[in-house]
Amino acid sequence: MTVAGDPSARCLDVAINRHLVQTEVARLRLYRLKLQITVGRVSPLAIDLAAHGGFQLDDVARCLQPPSSWPWRDVMGGRGCATNRRWRPVGTHTGIKGMTASVPGAWPRLGPGAALMLHAADRRGELAYAVSGNALEAVTRMGDCILQTDQGIARVLLDDVLPETLVAALPGRSLDDMFDHPVLSGRGYVIERVRQPEPSAAHVVTFRTGLLPHSMPWAAELDAELMKSSRATQS
C-alpha cells in the first residue's frame, strides 16, 4: 500500500503521466494520418479567409485536434471516420433550448476538434475551421454577420430582417451588390437563396462556392506509415 508522499507513489505517478503523454502524441499522429486520407476538398472561401487572416491552410490543419472520443467511438461505431458530424449550418437550431443560430451574432456549434484561429485583421480570433465530411470548412464573423462554408455552398447570417421586396429581388443577383468584403468581392458569387429560418428571425443569404481539391500536409508521413505496415504484414 502506498500513501501520499511515498516515493513509490511518486514514481508511479511519473510513469502514468509519461504514458498519458505518449498516448496523446500517438493519438494525434494517427488522427492526422486519418485526416490525410479523409479530407480531399476545401471551399475556396476557406482558402481566402486563411489568406485574409495571414496564415495558410497547413497552419489550420496543424491546429486541428482529435475529439476526446476519437478513435474509440468511431471505431466501435464501425465508422472509422475522423470527421466532425456536428458542423451545424447558421440558420439552424444550435441544440441549446430557446436559442438558434439564426439569432443575429450567434456563433454556430463547431463540434469537437475545431481549430480557432487568431484573425490577424482584427485580433478577435473569431475565425474557426472544422472538418465536415471530406471537406475543410470555415466560419467567421463579418461585423455583425456570420459567414459559414458548408459542402460547396456558403451562408451569411445577417444581423436583421430584410424587407420582403428586397428578399424577392436578391436571388440571381451578384453577391457584390450586397456585400463589400475582401473575401467576397470580385469572386463572381451569385446569390442563390434568401430565407428566414423561422418567423421574425434574421435572414440567411445562401450562395454557391463549389469545392477545390485539397491535400492535408501529412502525405509523406502517411506514405511512411503505409510502407511500415506493408513491411510488417510481409514479414
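Readers should treat all values here as calculations from the given coordinates under stated rules, not as data from a laboratory. None of these values were measured; they are calculated from a predicted model. Counting neighbours? That spans all protein chains shown, and the Cβs are built from the backbone with ideal geometry, glycine included.
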- request: Could you rank the peptides 179-191, 158-170 by their average count of other C-beta atoms within 10 Å per residue, with the highest value first?
  value: 179-191, 158-170
query: Sorted by average packing, counted as other Cβ atoms within 10 angstrom per residue and highest first, what order do 20-32, 143-155 take?
result: 143-155, 20-32
query: Going by the alpha-carbon gyration tensor, a ≥ b ≥ c the square roots of its eigenvalues, is region 120-179 rounded (a/c under 1.5) or, if a/c is not under 1.5, prolate (a/b greater than b/c) versus oblate?
result: oblate
query: When Trp72, Trp218 are ordered from fewest to most other Cβ atoms inside 10 Å of their Cβ, what list results?
result: Trp72, Trp218
query: Taking other Cβ within 10 Å of each residue's Cβ, how do His214, His19, His203 sort, fewest first?
result: His19, His214, His203
